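To start, the structure under review is shown below, and the notes come after it.
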Amino acid sequence: MGVDVILGLQWGDEGKGKIVDFLANQYDIVCRFQGGPNAGHTIKLGENKYVLHTVPSGVFRAGIINVIGNGVVLDPITFVKELANLDTANVEYKNRLLIAKKAHFILPTHRYLDAASEAAKGSSKIGSTLKGIGPTYMDKTGRNGLRVGDIFSPHFFDKYKQLKEKHLGLLKLYPEIEFNLDREEALWFESIGQIKSLQFIDSEYYLNEALNNGKRLLAEGAQGSMLDVDFGTYPFVTSSNTTVSGVCNGLGISPQKIDKVIGIAKAYCTRVGSGPFPSELDNEVGEQLRQKGFEFGATTGRPRRCGWLDIPQLRYSVMVNGVTDLIITKMDVLDGFEKVEMVTSYKDINGAMTDKIPFDIVDRKIETVTTAFKGWQDELSKVQSYAEFPEVAKDYLAEISQRTGTRVSMVSTGPEREKLFKILS
Ligand code: GDP
Ligand code: IMO
Ligand code: MG
């Protein structure tokens with residue numbers, strides 16, 4: 001038995017948290033492999049809503065081990081706040097939350113540098129979550145980073161200081177960025193003191209031994225494929241590989257160990273932050289999707305941009321990730337529309353149809369071709385099985401499957417755990 005992967009196929013916020021939480025009890029270990037507190041994964045249990053940023057979404061399933069992999073960047077301050085929320089919710093995690101020593105720390109000064117970089121970009125800013133993600137990964141690849149396992153080194157403080165001084169030097173170039181480092185630094189070290197009682201592991205050994213012992217692993221992606229640093233709408237992307245290759249780098253496992261690649265896509269599209277979005281509806285219909293889907297960022301609260309499902313974009317993500325199964329979420333949000341549309345192709349510079357994402361997607365507005373489908377007036381959030389779905393909704397899902405060449409194995413109709421149905425083909 002190997003590793004199954006769950007990842008977002010659009011621009012993030014596809015509902016990964018809900019799906020990981022639902023499927024987690026079929027696995028022994030759930031692992032986050034990239035990203036950091038830029039992620040916001042929402043899980044609704046009864047009346048309670050939880051948003052996880054760094055903790056894997058298997059944490060609400062008793063007995064399941066949760067691993068924060070080496071590919072993750074961790075901010076002790078936000079992490080401790082997240083753990084406090086779990087304490088308040090009486091979720092026991094201390095013996096089953098493991099952190100890779102090779103994960104990198106986000107320093108307070110990384111966050112200031114993130115703000116400085118965005119301010120310097122002016123109107124072409126990326127719309128970063130300002131959690132320090134970009135500068136932390138830059139220090140990692142620049143070989144200057146501070147790793148979680150360094151907290152056990154007698155030289156930890158010196159290493160921290162060296163990196164901080166480097167950052168303060170850079171920040172002198174941005175005098176307009178205001179910060180209170182003394183206060184944040186004190187909180188940062190206090191937070192590290194608090195997490196020291198958790199377990200720190202050599203995750204590559206731990207996970208490979210688990211696999212050799214027949215354990216089942218679920219790798220949980222953050223962000224979405226179109227935010228991948230290599231394959232997304234660069235430079236309007238995040239700073240990690242959100243696509244399937246990130247699983248190997250971010251956990252230390254071989255591609256041969258990967259079984260299912262489960263891609264999550266909403267029944268429509270959203271994007272938060274700047275950058276190209278070919279199927280965007282900057283009109284009343286987009287506003288309707290935003291209100292019905294409650295499309296406001298789980299991490300920043302920003303309104304998400306909304307648009308129809310984009311088939312060329314989805315086909316691209318399916319290709320890059322080798323998706324074996326699709327799960328379509330938020331199908332209920334399309335209830336009540338007289339017609340539901342999909343972008344089915346783009347027009348290239350010469351007006352010819354294409355279903356390929358052009359290299360210069362950032363530099364020009366993509367003209368799209370849409371196909372309309374009959375909508376449904378039923379309330380999908382009330383159905384109890386896939387058999388009860390209206391035929392037109394089934395047709396819409398069949399269309400996605402046919403156009404992506406991938407089976408849709410489940411469909412979600414609400415934020416709650418029980419609103420997820422298997423589609424038997
Ligand atoms: P993630 O980052 O991919 O985990 O997704 P987010 O948590 O940022 O955003 C997804 C939002 O949609 C959350 O508020 C979920 O509770 C909610 N959600 C998930 N699945 C469904 C669904 O099928 N229908 C509806 N209406 N909401 C859903
Ligand atoms: P989850 O895991 C949606 C977006 C930001 C910005 C760009 C770069 O909840 O799906 P960063 O802070 O990473 O430097 O921001 O990426 N972004 C997300 N959008 N969901 C996320 O995570 C995101 N994480 C980053 O809005 O446009
Ligand atoms: Mg999210």
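The values are calculated or read from the model by the stated rules, or taken from the named source; none is laboratory data. Keep in mind the model is a prediction, meaning the values are calculated, not measured. Note: ideal-geometry Cβ built from the backbone for every residue, glycine included; neighbour counts use all protein chains shown. The area values use the complete protein model at the heavy-atom level, side chains included, leaving out ligands, DNA and RNA. Shrake-Rupley method; radii C 1.70, N 1.55, O 1.52, S 1.80 Å.
Net charge dipole, the chain: roughly 700 debye, given to the nearest 20, about the Cα centre with Cβ charges of +1 for Lys and Arg and -1 for Asp and Glu. Counting only residues at least eight positions apart within a chain, or on another chain, the aspartates and glutamates with an alpha carbon under 17 Å from that of Lys172 are Asp114, Glu118, Asp182. When only the Cβ of Lys, Arg, Asp and Glu is charged (+1, +1, -1, -1), the dipole of region 266-422 relative to its Cα centre reaches about 400 debye.
Over all projection directions, the Cα-based convex hull of region 104-195 averages an area of 6.2 nm².
Relative to the longest principal axis of the chain, what angle (0 to 90°, nearest 10) does the C-alpha long axis of helix 108-121 take? That helix lies at roughly 50 degrees to the long axis.
Heavy-atom accessible surface of the chain, averaged per residue, reaches 43 Å², computed with a 1.4 Å probe.
Over 41 Å apart: what share of the alpha carbon pairs of the chain falls there, rounded to a whole percent? Walk me through the intermediate numbers first.
Values: 12947 of 90100 pairs.
Roughly 14 percent, rounded to a whole number.
Counting only alpha carbon atoms, the long axis of helix 156-171 and the longest principal axis of the chain meet at about 60°. Projecting label points 7 angstrom from Cα along Cα→Cβ for Ala352 and Gln377 puts them 4.5 nm apart.
If R0 is 25 Å, the Cβ-Cβ spacing of Asp395 and Leu424 corresponds to a FRET efficiency of close to 0.90. Within region 203-250, the proportion of Cα pairs with more than 16 Å between them is 47 percent.
Considering Cα pairs under 8 angstrom that are at least six residues apart, work out the relative contact order of the chain and quote it in whole percent.
20
Taking amide H atoms as placed 1.01 Å from N in the peptide plane, the amide H of Ser274 lies under 5 Å from those of Gly127, each 5 or more residues away in sequence or on another chain.
Spin-label model, Asp182 to Asp360: label points 7 Å out along the Cα-to-beta-carbon direction sit 5.3 nm apart.
So, with a 1.4 angstrom probe, what is the percent of accessible area on the chain that is carbon and sulfur?
So the carbon and sulfur contribution to the accessible surface is 51 percent.
Given the pairs Lys101/Lys266; Lys16/Lys131; Lys121/Lys356; Lys140/Lys196, which span a C-alpha to C-alpha distance of over 31 angstrom in this model? Don't skip to the end; give the middle numbers.
Details: Lys101/Lys266 34 Å; Lys16/Lys131 20 Å; Lys121/Lys356 29 Å; Lys140/Lys196 22 Å.
Result: Lys101/Lys266 exceed 31 Å.
Compared with the dominant Cα axis of the chain, that is its longest principal axis, helix 311-321 is turned about 50°. Positive end of the dipole of the chain (Cβ unit charges, origin at the Cα centre): among Cys269, Ala103, Val411, the Cα lying farthest that way belongs to Ala103. Across region 39-54, coupling constants 3J(HN,Hα) worked out from phi with the 6.51/-1.76/1.60 Karplus curve, θ = phi - 60°, read 6, x, 10, 9, 10, 10, 10, x, 8, 9, 10, 10, 10, 9, 10, 10 Hz, and Gly and Pro carry x. The charge dipole of region 71-173, taken about the Cα centre with unit charges on the Cβ atoms of Lys, Arg (+1) and Asp, Glu (-1), comes to about 300 debye, rounded to the nearest 20. Can you find, among Ala116, Ile126, Ile151, the residue sitting farthest towards the positive end of the charge dipole of region 104-195, where Lys and Arg contribute +1 and Asp and Glu -1 at Cβ? Looking along the dipole axis, the top candidate is Ile126. Kirkwood hydrodynamic radius of region 294-425, from the reciprocal of the average inverse Cα-Cα distance over all distinct pairs: 16.3 Å.
Among Leu173, Thr136, Ser203, whose Cα projects farthest towards the positive end of the dipole of region 100-241, with charges put on the beta-carbon of Lys, Arg (+1) and Asp, Glu (-1)? Of the listed residues, the answer is Ser203.
Beta-bridge orientation, the chain: approximately 40 percent antiparallel, per DSSP, counting only bridges with both partners inside.
For Phe294 and Tyr174 in one chain, what is 0.36 nm times their gap in residues minus the Cα-Cα distance, to one decimal in nm? Intermediate results must be reported in sequence, preceding the final value.
Working: separation 120, 0.36 × 120 = 43.20 nm, distance 3.62 nm.
Roughly 39.6 nm would be gained on extension.
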